[in-house]
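First up is the structure itself, then whatever we jot down about it.
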Amino acid sequence: DLYLQRDTAHQHVEAFLADRAKRGFVLVGKSGVGKSNFLLALAEGLQQSRDDVCVLMYDGANLPIASSSFTQIISQDFSDQVLLSRQAVQQVWQEIARIEGIDERQVIVCIDAINENPQASELLRQLDALVQSRWRWLKVVLSSRPETWKEIKRAVKLAEALYYRGPGTEGLSVELEPFSYSEQMDPFTSQELPQVYSKYQREFHLQTPYSGLTHQVRETLRDPLNLWLLASTYREQAIPDRVKTSELIEYYLRTRHVQTPLQREDVRFLEDQLLPLMVGQGHYSNVITEAELDAAGGALYELVYSKQVLSDGRRVNQSFLRLCDVDILVLQEKGTEQWITFK
């Protein structure tokens, strides 16, 4: 009831599905911008409008890549659901390839939030192998947060020519540039916001019409996560003229039934270890350089740059990546130099 179709992203996916030469689609966007809901709505829409498409939807965080390959996981799922001659499905793609007329159909594999997988780079490597496979009816759609996607992609050499790029980005002038992503999902546009706000107004019985919202509040609500937080906070109430995003985040962090993108350990890492490098006696700066991280000790340097996976599945720099993904921090680089600042 609350979902609003993201037209630009939807148009790009439709163009990707219609392009037989492109096999992979990468959707990026920060936490809470609506990637998961978009993929779920896409699958539902295709199921209702087409009879030549099968969508397999997977949560990237819960794929046990460390113990099984992605193909083995799907084959096992098919074995659990479908009985073929009373034998387990060994190679799901080969089984699908035997379906009569399969070349005129499509199987779309959607993996949401691959950045949440402890073996994200290995997962991407296996998905890229599927993109390069001989199964022309197979298409792969994946989503990730932007900052983590850069780190994941850096470890894998993608078959870039097989990935969809938006119109105007595939000309000769940009072909030399490395593939980055297919589409970035942004906050609501000024045209989308009134439509989606009306949905939230009805659902949460908000007392303020869209025309009564101040410019500052409208800008805050362009972020889908902020809209949900504000509607939850002011249910059956009027919306104030000014809203502090920090107060919405505080509400978010203490709402236990919501899976938060930020954990308390991330906040403590920011406040206790990074901020002291920015603010001290006679020192104030919105920059932390690599040299300053080095001087603070090797452990802190590792907490920012190390992608090593721990025994519990977390990456060493997980807190830093999450702080970047939610637009609090940003890692900037120029040549060989890197530095950290507040977004």
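The values are calculated or read from the model by the stated rules, or taken from the named source; none is laboratory data. Note that this is a predicted model, so its numbers are computed, not measured. All Cβ positions, even for glycine, are placed from backbone atoms using ideal geometry, and neighbour counts span all protein chains on display. Surface areas here come from the heavy atoms of the whole protein model, side chains and all, with no ligands, DNA or RNA. Shrake-Rupley method; radii C 1.70, N 1.55, O 1.52, S 1.80 Å.
Tell me yes or no: at least one residue of the range 94-108 is without any contact (Cβ under 8 Å) to a residue 60 or more places away in the chain, part of a strand (DSSP E or B) and either within 29 Å of the chain's Cα centre (by Cα) or within 16 Å of residue 136 (Cα to Cα) (or both). Walk me through how you get there before you give the answer.
As a first pass, look at the range 94-108 and keep what is without any contact (Cβ under 8 Å) to a residue 60 or more places away in the chain: 94-105, 107.
Now narrow it down to the ones that are part of a strand (DSSP E or B): 107.
Subset that is either within 29 Å of the chain's Cα centre (by Cα) or within 16 Å of residue 136 (Cα to Cα) (or both): 107.
Checked against the condition, which is being without any contact (Cβ under 8 Å) to a residue 60 or more places away in the chain, part of a strand (DSSP E or B) and either within 29 Å of the chain's Cα centre (by Cα) or within 16 Å of residue 136 (Cα to Cα) (or both), the range 94-108 yields at least one hit.
In this structure, is residue 186 open to solvent by 40 Å² or more (accessible area, probe 1.4 Å), at pLDDT below 95 and within 28 Å of residue 264 (Cα to Cα)? Even if it seems obvious, please write down each step before you answer.
Details: open to solvent by 40 Å² or more (accessible area, probe 1.4 Å): yes; at pLDDT below 95: yes; within 28 Å of residue 264 (Cα to Cα): yes.
Against the criterion (open to solvent by 40 Å² or more (accessible area, probe 1.4 Å), at pLDDT below 95 and within 28 Å of residue 264 (Cα to Cα)), residue 186 qualifies.
Against the conditions (1) aromatic (Phe, Trp, Tyr); (2) loosely packed, with under 11 Cβ neighbours inside 10 Å; (3) under 14 Å from residue 147 (Cα atoms), where does residue 320 fall short? Just the number, please.
(2)
Residues are listed down the side, and each one gets a yes or a no for (1) modelled with pLDDT under 90; (2) surrounded by 17 or more Cβ atoms within 10 Å (Cβ to Cβ); (3) not hydrophobic (A, V, I, L, M, F, W, C):
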position	(1), (2), (3)
132	no, no, yes
137	no, yes, no
143	no, yes, yes
157	no, no, yes
163	no, yes, yes
166	yes, no, yes
182	no, yes, yes
213	no, yes, no
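So, of the residues in the range 285-312 that are open to solvent by less than 20 Å² (accessible area, probe 1.4 Å) and under 22 Å from the mean Cα position of the chain (by Cα), which turns out to be farthest from residue 340 (Cα to Cα)?
Let us first name the residues in the range 285-312 that are open to solvent by less than 20 Å² (accessible area, probe 1.4 Å), namely 288, 293, 300, 304, 306.
Filter once more, keeping what is under 22 Å from the mean Cα position of the chain (by Cα): 304, 306.
Working: 304: 9, 306: 15 Å.
Step by step, filter the range 285-312, then rank; the result is 306.
Within the range 49-62, can one find any residue that is in contact with a Ser or Thr (Cβ under 9 Å, 6 or more places away or on another chain), in a helix (DSSP H, G or I), at pLDDT below 95 and open to solvent by 30 Å² or more (accessible area, probe 1.4 Å)? Break it down stepwise before answering.
Taking the range 49-62 and keeping what is in contact with a Ser or Thr (Cβ under 9 Å, 6 or more places away or on another chain), we get 59-60.
Then drop every residue that is not in a helix (DSSP H, G or I), which leaves 60.
From what's left, at pLDDT below 95: 60.
Filter once more, keeping what is open to solvent by 30 Å² or more (accessible area, probe 1.4 Å): none.
No: zero hits.
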